[in-house]
Amino acid sequence: MKIKSKDSGTIGVMFRYFDNDNYYRLTWNSYSSVRRLEKKQNGNFQLLSEDAVPYVRNQLYSLDVVANGATLQVHIDGKMIFSDTDASITSGTIGLYSWLNRGSMF
């Protein structure tokens, strides 16, 4: 998928979305310079991976998420940024994520 923002708030994607209390989520915030891979299980968040990289406003990025069994990988512009193992949530759908970001584009 392609993502871009004209704003500095959070953009991202949810995957293996089972319900509002159970899913994985990648978030990326330019203002606070943080990327996170998180799990929400039974309503509680757990941080799986994090780094301190902001996105550049108005720049188009290619975002790929690979969820194969317990392996969770996130790639941006072809480069793997996160690779984790977690088998808590095994299936679900995907969703786009935007928070305090009027400039989100997917």
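The values are calculated or read from the model by the stated rules, or taken from the named source; none is laboratory data. This structure is a prediction, so every number in the text was calculated from the model and none was measured. Please note: Cβ atoms are built from the backbone with ideal geometry, for glycine as well, and neighbour counts cover all protein chains shown. SASA here: full protein model, heavy atoms, side chains in, ligands and nucleic acids out. Shrake-Rupley method; radii C 1.70, N 1.55, O 1.52, S 1.80 Å.
Against the condition hydrophobic (A, V, I, L, M, F, W, C), surrounded by 13 or more Cβ atoms within 10 Å (Cβ to Cβ) and over 15 Å from the mean Cα position of the chain (by Cα), how does Ile76 come out, does it pass? Spelling it out, it is not the case that Ile76 is hydrophobic (A, V, I, L, M, F, W, C), surrounded by 13 or more Cβ atoms within 10 Å (Cβ to Cβ) and over 15 Å from the mean Cα position of the chain (by Cα). Residues in segment 36-73 that are among the aliphatic types (A, V, I, L, M) and open to solvent by 70 Å² or more (accessible area, probe 1.4 Å): Leu47, Ala52, Val56, Leu60.
Considered as a group, the residues in segment 89-106 that are open to solvent by 50 Å² or more (accessible area, probe 1.4 Å) and of a type in the set (Ser, Thr, Tyr) include one that is nearest to Trp28 (Cα to Cα), and that residue is Ser98.
Annotation note: Cβ proximity below 6 Å between a residue of segment 78-90 that is among the small types (Gly, Ala, Ser) and a residue that is surrounded by 10 or more Cβ atoms within 10 Å (Cβ to Cβ) and modelled with pLDDT of 95 or more (sequence gap 6+ or interchain) occurs for Ser83/Gln73; Ala87/Ala70; Ser88/Gln41. Among the residues of segment 1-29, those identified as among the hydrophobic types (A, V, I, L, M, F, W, C) and part of a strand (DSSP E or B) are Ile3, Ile11, Val13, Met14, Phe15, Phe18, Leu26, Trp28.
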